[in-house]
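The values are calculated or read from the model by the stated rules, or taken from the named source; none is laboratory data. Worth saying up front: this structure is predicted, and the values here are computed from it rather than measured. Here Cβ is always computed from backbone atoms with ideal geometry, including for glycine, and neighbour counts include all displayed protein chains. SASA here: full protein model, heavy atoms, side chains in, ligands and nucleic acids out. Shrake-Rupley method; radii C 1.70, N 1.55, O 1.52, S 1.80 Å.
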Amino acid sequence: VAGRLAVALVHHPVLHRDGSVIAAAITNTDIHDLARSCATYGASRFYVVTPVTAQQQMALRIVHHWVSGAGSRKNADRAHAFSLVEVVDCVGTAAAREHTLAGTPPLCWATSARPRLPGLSFPEAAQALDGGAHVLLLLGTAFGLADEAVGPGTSWLEPILGHGSYNHLSVRAAAAILLDRLRTHSAGSQTPPHD
Ligand code: SAM
């Protein structure tokens, strides 16, 4: 039985270029792109994480527009993707919400372009997920997840490696690749669109 996958886009605590810990601003495009990728790869929830109240309110306005406002009447597909979105103040709240929704606490898998030990390989991760694991995938913003965002029980997924030495993917590109790698075992489980 396939497991449950949820995704969290973390805006705090994340790293600034100078190594300090900041709260990054939410990017509208990130929410659209990640919601669509989450819907495409069967994620049950997409958590937008920020402790900044004004940012939470902005995110909720965007979600409302696409789930029940004018946007939902223009684009039903986007309404479905946005229906996965929840806005929370921290990773712990997202994990607690997952525990409530699924009845089990999620495994937290953090991601970064920099390899961290102990790393979980994509085949191991995909196999665990396909075998029924409940997973909350943590994606960072700015210059990546700060250590404080990664709780004691969290595993680091192996980094996506490109070709050559350059490795600076946007979180939108990285999320799609990560979701595809995690669903490799159940690839083809989606039926092609009928149209
Ligand atoms: N390169 C930094 C990093 O990966 O931590 C900057 C962060 S990048 C703008 C935003 C997020 O995309 C990262 O926090 C991570 O979640 C994801 N990401 C980016 N490149 C990745 C890679 N090569 N492998 C895995 N995740 C990646």
Options Glu86, Glu158: the member that is of a type in the set (D, E, K, R) and within 16 Å of the ligand (Cβ to nearest atom): Glu158
How many of the residues making up region 23-55 are open to solvent by less than 50 Å² (accessible area, probe 1.4 Å) and in contact with a strand residue (DSSP E or B) (Cβ under 7 Å, 6 or more places away or on another chain)? 14
In region 79-112, residues that are of a type in the set (A, V, I, L, M, F, W, C) and either over 17 Å from Leu139 (Cβ atoms) or loosely packed, with under 15 Cβ neighbours inside 10 Å (or both) total 5
Being out of contact with any Ser or Thr (no Cβ under 9 Å at 6 or more places or on another chain), aliphatic (A, V, I, L, M) and farther than 28 Å from Ala126 by Cα is the requirement here; does Val52 meet it? yes
Give region 132-154 a look and list any residue that's touching a Pro at 6+ places or on another chain (Cβ under 7 Å) and more than 11 Å from the ligand (Cβ to nearest atom), or say none. His134, Val135, Leu136, Glu148
Suppose we filter region 168-183 for residues that are open to solvent by 40 Å² or more (accessible area, probe 1.4 Å), in contact (Cβ under 8 Å) with a residue 24 or more places away in the chain and either under 17 Å from Pro13 (Cα atoms) or near the ligand (Cβ under 10 Å from one of its atoms) (or both); how many remain? 4
With respect to Pro152, determine if the residue is over 13 Å from the mean Cα position of the chain (by Cα), surrounded by fewer than 13 Cβ atoms within 10 Å (Cβ to Cβ) and modelled with pLDDT of 95 or more. no
Collect the residues in region 115-129 that are at pLDDT 95 or above and surrounded by fewer than 21 Cβ atoms within 10 Å (Cβ to Cβ), keeping them in residue-number order. Leu120, Ser121, Phe122, Pro123, Glu124, Ala126, Gln127, Ala128
